Amino acid sequence: MVEGLPEVGEFAAAFQEFVRAMTVAARPGDSPFATRLREHLGVDPLELPSTVADFAATDHPNLQLALESVLADAEVLGYAAPQAGFVDVGLSELMAGEATGGPVRMGPVQYTDVQVGDGRVVQCISTGLYLARRDGVPLALVSRKSQTPFGGGNL
């Protein structure tokens, strides 16, 4: 031990406490999505169950037209996340403001134009959070189109 320097164990304990304090200090507050979801749903979304449904990418126009019909007055919020097309970004990630690829931030709603068999083009939401009411009950729905690295994907 060098005179004037703390013992290694004391230094390690102090350093460990410093790292813990910095980790706590670095935690961000609520994501904007968490705040909006709480306001819209009237409760903490973490207390509510959620359901996931996967659809084939070929059903994107059908799903879009159905959502427009059933949730015509929905507010749709956009989000941006690194690698959003390749990593799962669902309600949990929006609430946390963090996904596998990095931070999830508010951004523009992203669309994909899909040509259907009769020559029409249906503009479909690729990534968006729907905030809507159905029969007076608030609901939230995340719509996202994912891709696999070698082509293909799902909704």
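Each reported figure results from applying straightforward, stated rules to the coordinates on display, with no laboratory input. Computed from a predicted structure; not experimentally measured. With ideal geometry, Cβ positions are generated from the backbone for all residues, glycine too; neighbour counts draw on all protein chains shown.
Structure values in brief
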| quantity | calculated |
| --- | --- |
| Over 28 Å [Cα-Cα, the chain], rounded percent | 36 |
| Under-5 Å amide H pairs with Phe55, H placed in peptide plane, nonlocal only | Leu155 |
| Label-to-label distance, nm, for residues given as Ala80 and Asp30 (7 Å Cα→Cβ offset) | 2.4 |
| Simple spin-label estimate for Ser69 and Glu3 in nanometres, 7 Å along Cα-Cβ | 8.8 |
| 222 nm mean residue ellipticity, helices alone, for the chain (DSSP H n ≥ 4; -39,500 (n - 2.57); rounded to 500) | -9000 deg cm²/dmol |
| Calculated over segment 55-127: convex hull of Cα atoms, volume per residue (Å³) | 103 |
